[in-house]
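> I have a structure I would like to understand better, so I am pasting it below and will then ask my questions one at a time.
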Amino acid sequence: MKKRGVFSTLAIVILLLPMLGSFVTFTSPTQVRAATFEGQVMRSYQAITNNTYTGTVTEYTYSLNGVIQKSSTPPTNADWVTPSNYFDSGWFRDSWNEEFTYSNYGEITQTNDAMSIPATATWATINSFQIEGTNQYAIGNTIFQYSVNGVDLQTTTNALNIPTNAMWVALVDFTDGWTKTINHTFTNYTIDRATPVVKSLKISSNSGLSVYAKKGDEVTVSLQTDLPIAAPVLKIAGVMVTALGGGTDWAASLELTDAVNEGDLSVSAVVFSDKGAPSTEITATTDGSSVIYDNTGPNLSHTLAPNEATNRHVTVQVNATDAISGVKLLKWAAGTHAESYFTTDGTAFTNSFTANANGHYTVYARDSVGNEALRSIIVSNIDLVAPSVSLTASTTALTNKDILINATAVDNVAISKQLWAEGLQDSSYFQAGEGTSFTNQFFAARNGEYTVYVEDTAGNFAQSSITVSNLFKQAPKLTLTPFPVKPTNKTVLVDVEVETEGATQGNTLVALRWAKGEQQIAFFASGGGADIVNELEFEAMENGIYSVYARDTAGNETVATITVNTPPVTITGIVLSPKTGQVTVGGTQNFQLVENLSDGTSRDQTANATFTVSDAAIATMQNNELTAIAPGTVTVTATYGSTSDTATITVNATPVTTTGMVLSPKTGQVTVGGKQRFQMTESLSDGTSQDQTANTTFTVSNSTIAKIQGNVLTAIAPGTVTVTGTYGSTSDTATITVNAFPTPTPEPTSEPVYPTEPTPRAINIIRTVEQGIVKYRADVLLDHVQVFVPQLSNQDARTIRLVYPAETATAEAHLNLSRNAGLFLNKQQTNFFMQTALAQLTMPSTSFNGVTEDVFFRIVPVKAQQQEVIQTNALKNEQIQQAMPKRAIISLMGTPVTIETNLQNRPVTITLPISEEVTEEQMASLVVYIEHSDATTEVKRGRIVEFEPGVKGFQFEVDHFSTFSLVYASEAQEEEAEVEVNRLAPYIQGYPDGTFKPNTPVTRAQMATMLARFLSNGDIPTTTNVSFKDTTNHPSKDAIEVVKQADLFNGITETTFNPNGTITRAQMASVVAHWIETVCAQDPSKTICHTSGKGKSFTDVSPTHWAASAIEQVSAWGMMTGNSETTFHPNGSLTRAQAVKVLNQLFERPALEDITTSTFSDVPSTHWAIGEIEAAAIEVKEEIQK
C-alpha cells in the first residue's frame, strides 16, 4: 500500500465544489407528478497533502426495476444510486468500513451492507467510509445534497436529517480524515418512477361542532391518492398516528388529551407508492377543513363599582374571555352554586349585573365547545344605615367663656366625617365642602344656632343642631358724665350710665363701685370702693382722677376713669375781626375786638381797645374804623390791656372798567368771493385797550349778500350789509359793500377759524403789555379739545385751528397746550394749527404721541437790528450761494421769526407769508435760512402754498426750532436761465385689484424693487447675474441684483436673500443709514448731511444690537421714530404706508397736498399717508435750472 505523506506547510487552497445548481433553502414544495427526474452521484475527488491525490468511485450500488445491482460505472437510469467503494491514489487502496443511509416507506435506516438496502428505498447514499488504515480515521465534515421536488437543491451535514421523501440524495463533500477534499466530479442519472399525488386530505372531529373540539373528542384524518400507496406517514397536532386502509384510501384518528396543545390542530401527510416513490409532504388540508382544540374553560375576573363602602347598589363588572372558541353563555346568581345549577337556573347577562345587597354571588361561563368556569364573588361594601348624632352643651348658665359642645356620633360601620358650622345649615352646605372638621367636641364662641353634620364611610349622613344663648363676652359699657362741664368752684356730680350685653336674656349688672384715683379691677373685686349699683352716680369733691368698676351676671368686668378738672374762670385770649379784607381806595372798614373766657363765654372789648395801623400813607385809623387812602397792604393792631391781636387789609386801586367797544374796520368794500377779517377792541378806563375778537359774536344783516364765520366775512353777492359784533352786553357795527367781480374766480379755500359761540368753551387769546412788549397768549386745555374734536367732520383734515390777531406782525404770540390736551389730540388723530401774521404752524397729531409735559410755542418777530446781522450771515452762507442763481442779489423777505418750543425732535410744518411784490422768478429761488441756537445753520427748500386768501406762503417741515428767515434772489439774472424738466418715475405700484394695501407688511423683495426703481428712474436693468439661490426664478430678481450691486441691501446669508420675508424696522433703519452715508459722501452740502444731535435711546435696542448705530442715526435725522416714547420695536414689520413715508424723505420727494381723489380704492382722502402714497405712486415732474 502506498502511504500518503503528511501535510505540507504550504497554504491549502479550498476550492468550492462546482455543482449542477447552487445550494438553496427549501420552500414549501408542491406535489410533482413527473415521469423523469435527474439525480446525481459523485465520480471522483482530489486531496492535497504533499502532493495532489485523486480518489475515484470504483463501485456503485443501485436499484432498477425492483432489482439491487452493482456496477463499476454509474448507471444512466436507476431508482436510487450510491457509491459503494472508493479507490484513493494517495493511499493506493480501496475504501473500507462503509456505512449507508436510506429511506424506505418513510423510515430512515443505516446499514454497512449496500446490498441490504431495499429495492423499494426512496433514496440511498453512502454516509461514511475509511481509506487509510493506520489511524482509523473515517471521512468527516460531510455535506449531502438532495432534492425533494426534483428541481430545487438543498444540503445538510447529517444524513439522518434528510427528508424521508427526498427524490434523490448524494454525498457531495467531505474530509478524508486528514484534509478537505476538492475538485469533486459528478455524473447524472435518470430517475423514472411513478410518484403518487394526494387528491384529498381532510380533518374532522366527532364533537358535533363544525370547527371546535374538546378534550375526549376524536379527530380523524382521511387521505386519498391517485395511485395505490404504502401506509402513509400521517400526523395530527404533530403526533404521528397509525394509518388504516389500503390502496388509495387511508385514514387515522387521534383522541384529544391534555398532552395535545390547544389551538388549530396541524395535519401533515407523506405518501410513498408501493414501489417506494415519494411524494412531497402535504401540510394543509385540500378542502380547507380544520379543527380547533379548546381544552380550557373561560377566564373570569371581576371588579366592583364602587369597591369602597357605599349606600347605593354595587355594579359587578365581569370580564369573561376565552381565547379559542369564545364565551357563549354568561350567567349569575346570588349565593354559592355548582356548574350544574346553571343548566336551568341563573340570570344571563352581558358584561355586568347589579348587587342589591351584601353577600355571595356566583358567576358561570361556558365557551362554544362546552368548557365551563365559575367565579365566586363576595359583596360586603353596601351600607344603607345612616349614622346618628346627639349634641350637648357643657353649661347652660350665663358665662363669658367659650361653651364646649359635645357631639356623640354612632354608626354601624364607621364615621368618616364630622363637621360643624354656625347657623342652621342643610346637608348640601356641608357636602359642598363647607364647615369645620372636628372630633367629638368643639367650642361655641358666640350665641346662636350651631349645626353638626356626620357622614359614614358609605356616604350616609345625619345632622343635628343646638342653640347657644347663654354666652356673653362683652364687658359692661360705662359712660361717665360730669356736671357741670364748665369751670366752677362747686363739687362735680359724675353720672354713671351702664350698658350690659344680653340684658334682656338676664345678663344684668350685679356690681357697680367707685373710688378716687386710678384703680384696677383687682382693687374692686376684693371689695374696694363704694357701691353705687342703685344710685348710678357719685360726687367728686375735688379735682383728680376717679375710677368706676362694673361686673355683669356672666362675670364680665370693666373699669372706666374720668378726670375732673374745674379751674376758675379766666381770660383765654382776644380776637380781632375781620382778620383779613380788601378795601378800595376811599372805602372804610370797621373792626371788633372780642375777649374770650375759660368758661366758654366772651365779652366785646372794642370800646376799651386801642387801634393802630402800620402805614398811615395807605390807610388811617379813627377808633375802630379804617379809611383807605392809597393802594397797598397794612397791618391793623388792636391792644387791650397787655394782649393784642392783628389783622391784614389790602387797599386796592379803583377797578378798571370798560368804557366802550370798537369794531374795525368800520367800513370796507369786498369783491364777491373775497373775505374781510374783523377785530373787536375793548377800551378800558385806565386808557388801555384789549382785543376781544375771540370772545365776540359776529352777525351779518343779510346772509344772501355775505356770510360770517367767526370774525371772517365772506362776500356772496353784490350789496351792502351791516356787521354787528357783540361782546357781553355791548355791541358795535360796521358797514361793508360787496362788489361784483367781473370774471369768475375759483372758490377760495376755507379760512381757518377758531371756535365761536355757541361753543361751550372758547379758547381765549389774551393781550398783555409787559415792559412795552405786546404779547398774545392762548392756553389750550383738555376740555377745549374735548369740545372741538367731536365737531370736526370726518371728511376734513381733522384740524383744530387757532388764529391770532393781525397785530402779531409786530407782537409776540404765545401758545401753551396742556399735556393731556396733546395726548387727546394724538389719540383722536387730530392736528393743531396755529396762525399769526408772521407764521403758520401745523402740529400733526403724531407729534403729541407720549408727550410728558405741557407743550409751549413762542413766535417772536426779529428786531430790525438783528435782521441786519441775519442779512450779513445769509450773504456769506455757502449753501445759500449754491442754491441761488448766478449773479443774483440775495435779500431777506419779510420779518424773520424766532420760534421757541419744547416739542423738539417731532415734525411740525411751518408756513411763512410771501410778499405780494415778489415775482414768479424770485419765488422760484426762495429758500428758508435757519440759524440754530448752537451757531449752526441750515438751508431748506419748500413748496409754495396759500398762506391766506390772496397771500402765498412758503411751507417746509422741521423738527428743530430756531430763527427762520426767507431768502430770495431779489434781482433777475442777466441771462434767462434754461429750465430742464426732470421726470421722476413712480417707485411703488398698487395691486391689480386697484388697492394699495397700506397696512400690509413690506417684503424684502418689494423694498429692493422700490430702491431699484428709484435708482434706475423706473427702468430696472435686466441681468443674467444670480447672487442668491432663492431668487433665481423670483420676479424681483433683477431689482435685487441692482440694490446688491449698489451695496444697499444684502442677503441674510451669502447664498440666500429670503425675498418673501418681511423687512423689519431694524433692517429699514440700516438701509436708510447706509443710503444717507452714501449720499453725503457724494454731496456733503445736502441738508441731511448737516443734521446734528444725538438720537433717542430705546429700551428694546441694546447697545450691542446689530442695528443700534443705524437706529440712533435715523432717530437723530427724524427719518424714523419709535413706536412709543421708549421703544423702537426693531423686529417689528414695516407697512407699505410707513415705507413710503420713510423713502419719500430719503428720496427728497415731498408729499402731495390737497388730495381729494385717491388713486387707490383702499386709501381714502382722509388717510394719514395719502399725500406720501400719491407722491410715491405717480410720476413727478421736477424743474431744474441750468
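> Which pairs have Cβ atoms under 7 Å, sit 6 or more apart or on different chains, and link a residue in the range 1052-1079 that is more than 14 Å from residue 1119 (Cα to Cα) and among the aliphatic types (A, V, I, L, M) to one that is in a loop (DSSP other than H, G, I, E, B) and at pLDDT below 90?
1063/1134; 1079/1086
> I'm trying to understand the selection: among the residues of the range 420-454, which are among the β-branched types (Val, Ile, Thr) and modelled with pLDDT of 95 or more? It would help to see each step written out before you state the result.
Step one: of the range 420-454, the residues among the β-branched types (Val, Ile, Thr) are 436, 439, 451-452, 454.
The answer is 436, 451, 452, 454.
> Return the total of residues in the range 990-1007 being modelled with pLDDT under 90 and assigned to a strand (DSSP E or B).
0
> Count, please, the residues in the range 353-405 that happen to be surrounded by fewer than 16 Cβ atoms within 10 Å (Cβ to Cβ) and of a type in the set (S, T, N, Q).
Summing the residues that are surrounded by fewer than 16 Cβ atoms within 10 Å (Cβ to Cβ) and of a type in the set (S, T, N, Q) in the range 353-405 gives 11.
> With respect to residue 788, determine if the residue is out of contact with any Leu (no Cβ under 6 Å at 6 or more places or on another chain), outside any helix (DSSP H, G or I) and among the aromatic types (Phe, Trp, Tyr). Before the answer, list the steps.
On the way: out of contact with any Leu (no Cβ under 6 Å at 6 or more places or on another chain): yes; outside any helix (DSSP H, G or I): no; among the aromatic types (Phe, Trp, Tyr): yes.
It is false that residue 788 is out of contact with any Leu (no Cβ under 6 Å at 6 or more places or on another chain), outside any helix (DSSP H, G or I) and among the aromatic types (Phe, Trp, Tyr).
> Oh, and also: Going residue by residue through the range 1059-1071, is there one that turns out to be at pLDDT below 85, exposed (fewer than 15 other Cβ atoms within 10 Å of the Cβ) and not aromatic (Phe, Trp, Tyr)?
Just the residues of the range 1059-1071 that are at pLDDT below 85, to begin with: none.
Within the range 1059-1071, none of the residues are at pLDDT below 85, exposed (fewer than 15 other Cβ atoms within 10 Å of the Cβ) and not aromatic (Phe, Trp, Tyr).
> For residue 527, state whether it is surrounded by fewer than 18 Cβ atoms within 10 Å (Cβ to Cβ), more than 28 Å from residue 485 (Cβ to Cβ) and not assigned by TED's automatic domain parsing to the domain that holds residue 633. Quick ask: steps written out before the conclusion?
On the way: surrounded by fewer than 18 Cβ atoms within 10 Å (Cβ to Cβ): yes; more than 28 Å from residue 485 (Cβ to Cβ): yes; not assigned by TED's automatic domain parsing to the domain that holds residue 633: yes.
Considered against the rule, which asks whether it is surrounded by fewer than 18 Cβ atoms within 10 Å (Cβ to Cβ), more than 28 Å from residue 485 (Cβ to Cβ) and not assigned by TED's automatic domain parsing to the domain that holds residue 633, residue 527 comes out as yes.
> Looking at residue 205, is it buried (at least 21 other Cβ atoms within 10 Å of the Cβ), among the small types (Gly, Ala, Ser), more than 30 Å from residue 67 (Cα to Cα) and at pLDDT 90 or above? Talk me through it step by step, then tell me what you get.
Numbers: buried (at least 21 other Cβ atoms within 10 Å of the Cβ): yes; among the small types (Gly, Ala, Ser): yes; more than 30 Å from residue 67 (Cα to Cα): yes; at pLDDT 90 or above: yes.
It is true that residue 205 is buried (at least 21 other Cβ atoms within 10 Å of the Cβ), among the small types (Gly, Ala, Ser), more than 30 Å from residue 67 (Cα to Cα) and at pLDDT 90 or above.
> Another question, then. Taking into account only those residues within the range 620-638 that are surrounded by 16 or more Cβ atoms within 10 Å (Cβ to Cβ) and not hydrophobic (A, V, I, L, M, F, W, C), which is nearest to the chain's Cα centre (by Cα)? If you could, list the steps in order and put the result at the bottom.
As a first pass, look at the range 620-638 and keep what is surrounded by 16 or more Cβ atoms within 10 Å (Cβ to Cβ): 621, 624, 626-629, 632, 634, 636-638.
Add one more test, that the residue is not hydrophobic (A, V, I, L, M, F, W, C), and what stays is 624, 627, 632, 637.
Values: 624: 80, 627: 78, 632: 70, 637: 75 Å.
Result: 632.
Yes or no, residue by residue, for (1) closer than 30 Å to residue 639 by Cβ; (2) of a type outside the set (Phe, Trp, Tyr); (3) in the same structural domain as residue 626 (by TED's automatic domain parsing):
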| position | (1), (2), (3) |
| --- | --- |
| 487 | yes, yes, no |
| 500 | no, yes, no |
| 513 | no, yes, no |
| 518 | no, yes, no |
| 533 | no, yes, no |
| 546 | no, no, no |
| 554 | no, yes, no |
| 575 | yes, yes, no |
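> Would you mind listing the helices (runs of 4 or more DSSP H) fully within the range 815-924 where at least 2 residues are under 21 Å from residue 956 (Cα atoms) and touching a residue at least 24 places away in the same chain (Cβ under 8 Å)?
Numbers: elements: 819-827, 864-876, 878-883, 920-924.
Helices (runs of 4 or more DSSP H) meeting the threshold: 864-876, 878-883, 920-924.
> Still on this model: Can you find a residue in the range 1135-1143 that is in contact with a helix residue (DSSP H, G or I) (Cβ under 7 Å, 6 or more places away or on another chain) and either farther than 15 Å from residue 1010 by Cα or in a loop (DSSP other than H, G, I, E, B) (or both)?
no
> Please go through the range 586-631 and pick out each residue that is charged (D, E, K, R) and either touching a His at 6+ places or on another chain (Cβ under 8 Å) or over 30 Å from residue 489 (Cα atoms) (or both).
Kept after step one, since they are charged (D, E, K, R), are these residues of the range 586-631: 595, 599, 603-604, 615, 625.
If the condition is that a residue be charged (D, E, K, R) and either touching a His at 6+ places or on another chain (Cβ under 8 Å) or over 30 Å from residue 489 (Cα atoms) (or both), then 615, 625 are the ones that fit.
> Follow-up question, since we're still on this one. Quick one: which residue in 247, 216 is surrounded by fewer than 21 Cβ atoms within 10 Å (Cβ to Cβ) and free of Cβ contacts under 8 Å to residues at least 24 places away in the same chain? Before the answer, list the steps.
Values: 216 fails: free of Cβ contacts under 8 Å to residues at least 24 places away in the same chain.
Selected residue: 247, the only one of 247, 216 that is surrounded by fewer than 21 Cβ atoms within 10 Å (Cβ to Cβ) and free of Cβ contacts under 8 Å to residues at least 24 places away in the same chain.
> If you check residue 257 against the conditions, is it modelled with pLDDT under 95, of a type in the set (Ser, Thr, Tyr) and farther than 30 Å from residue 228 by Cα?
On the way: modelled with pLDDT under 95: yes; of a type in the set (Ser, Thr, Tyr): yes; farther than 30 Å from residue 228 by Cα: yes.
Answer is yes for this residue.
> Going through the range 1013-1031 one residue at a time, which ones are of a type outside the set (A, V, I, L, M, F, W, C), in a loop (DSSP other than H, G, I, E, B) and more than 36 Å from the chain's Cα centre (by Cα)?
Of the residues in the range 1013-1031, the ones of a type outside the set (A, V, I, L, M, F, W, C) are 1013, 1016-1019, 1021-1025, 1027, 1029-1031.
Within this subset, residues satisfying the condition of being in a loop (DSSP other than H, G, I, E, B) are 1016-1019, 1021-1025, 1027, 1029-1031.
Within the range 1013-1031, 1016, 1017, 1018, 1019, 1021, 1022, 1023, 1024, 1025, 1027 qualify.
> What's the number of the only condition in (1) in a loop (DSSP other than H, G, I, E, B); (2) at pLDDT 50 or above; (3) within 60 Å of the chain's Cα centre (by Cα) that residue 741 fails to meet?
Residue 741 satisfies all of (1) in a loop (DSSP other than H, G, I, E, B); (2) at pLDDT 50 or above; (3) within 60 Å of the chain's Cα centre (by Cα) except (3).
> Specify the residue that is modelled with the lowest pLDDT; the eligible residues are those in the range 946-972 that are of a type in the set (A, V, I, L, M) and crowded, with 17+ Cβ neighbours inside 10 Å.
Ranking the qualifying residues of the range 946-972, first place goes to 969.
> Scanning for something in the same structural domain as residue 322 (by TED's automatic domain parsing) and within 30 Å of residue 210 (Cβ to Cβ), does the range 352-362 turn up at least one residue? Break it down into steps so the answer makes sense when it comes.
Going residue by residue through the range 352-362, those that are in the same structural domain as residue 322 (by TED's automatic domain parsing) are 352-362.
Next cut, within 30 Å of residue 210 (Cβ to Cβ) only: none.
Checking the range 352-362: not a single residue is in the same structural domain as residue 322 (by TED's automatic domain parsing) and within 30 Å of residue 210 (Cβ to Cβ).
> Scan 487, 482 and give me the residue that is part of a strand (DSSP E or B) and at negative phi. It would help to see each step written out before you state the result.
Working: 487 fails: part of a strand (DSSP E or B).
None of the other options fit; the residue is 482.
> Residues that are over 30 Å from residue 880 (Cα atoms), basic (Lys, Arg) and not in a helix (DSSP H, G or I): does the range 1095-1116 have at least one? Break it down into steps so the answer makes sense when it comes.
Taking the range 1095-1116 first, the residues over 30 Å from residue 880 (Cα atoms) are 1096-1109, 1111.
Right, trim to basic (Lys, Arg) and you get 1096.
Checking which are not in a helix (DSSP H, G or I) leaves us with 1096.
Yes, the conditions are met somewhere in the range 1095-1116.
> Still on this structure, I have one more. Return yes when residue 662 is closer than 30 Å to residue 613 by Cβ and either in contact with a strand residue (DSSP E or B) (Cβ under 9 Å, 6 or more places away or on another chain) or surrounded by 14 or more Cβ atoms within 10 Å (Cβ to Cβ) (or both) and no when it is not. Break it down into steps so the answer makes sense when it comes.
Numbers: closer than 30 Å to residue 613 by Cβ: no; either in contact with a strand residue (DSSP E or B) (Cβ under 9 Å, 6 or more places away or on another chain) or surrounded by 14 or more Cβ atoms within 10 Å (Cβ to Cβ) (or both): yes.
In short, no.
> Another question about this same structure. Quick one: in the range 558-577, of everything that is part of a strand (DSSP E or B) and touching a Ser or Thr at 6+ places or on another chain (Cβ under 8 Å), which residue is surrounded by the most Cβ atoms within 10 Å (Cβ to Cβ)? Outline the logic, then answer.
Here is the first cut: in the range 558-577, the residues part of a strand (DSSP E or B) are 558-564, 571-577.
Keeping just the survivors that are touching a Ser or Thr at 6+ places or on another chain (Cβ under 8 Å) gives 559-561, 571-574, 576.
On the way: 559: 20, 560: 18, 561: 13, 571: 15, 572: 12, 573: 12, 574: 20, 576: 22.
Among those that are part of a strand (DSSP E or B) and touching a Ser or Thr at 6+ places or on another chain (Cβ under 8 Å), it is 576.
> Could you list all residues from the range 138-156 that are part of a strand (DSSP E or B) and under 19 Å from residue 79 (Cβ atoms)? Please lay out each step first, then the result.
Applying the first criterion (part of a strand (DSSP E or B)) to the range 138-156 yields 138, 140-147, 154-156.
Selection gives 144, 145, 146, 147.
> Can you name the number of the only condition in (1) modelled with pLDDT under 90; (2) out of contact with any Lys or Arg (no Cβ under 9 Å at 6 or more places or on another chain); (3) surrounded by 14 or more Cβ atoms within 10 Å (Cβ to Cβ); (4) not in a loop (DSSP other than H, G, I, E, B) that residue 767 fails?
If we test residue 767 against (1) modelled with pLDDT under 90; (2) out of contact with any Lys or Arg (no Cβ under 9 Å at 6 or more places or on another chain); (3) surrounded by 14 or more Cβ atoms within 10 Å (Cβ to Cβ); (4) not in a loop (DSSP other than H, G, I, E, B), just (2) comes out false.
> Ok, one more. Please verify whether residue 519 is surrounded by 15 or more Cβ atoms within 10 Å (Cβ to Cβ), farther than 25 Å from residue 446 by Cβ and of a type outside the set (A, V, I, L, M, F, W, C), treating the condition exactly as stated. I'd like the intermediate steps shown before the answer.
Working: surrounded by 15 or more Cβ atoms within 10 Å (Cβ to Cβ): yes; farther than 25 Å from residue 446 by Cβ: yes; of a type outside the set (A, V, I, L, M, F, W, C): yes.
Yes; evaluated as a whole, the condition is true for this residue.
> Residues that are under 18 Å from residue 369 (Cβ atoms): which strands (runs of 3 or more DSSP E) entirely in the range 225-274 hold 2 or more of them?
On the way: elements: 233-236, 239-241, 244-246, 249-255, 267-270.
Ranges flagged: 249-255.
The values are calculated or read from the model by the stated rules, or taken from the named source; none is laboratory data. Since this is a predicted model, take the numbers as computed values, not measurements. With ideal geometry, Cβ positions are generated from the backbone for all residues, glycine too; neighbour counts draw on all protein chains shown.
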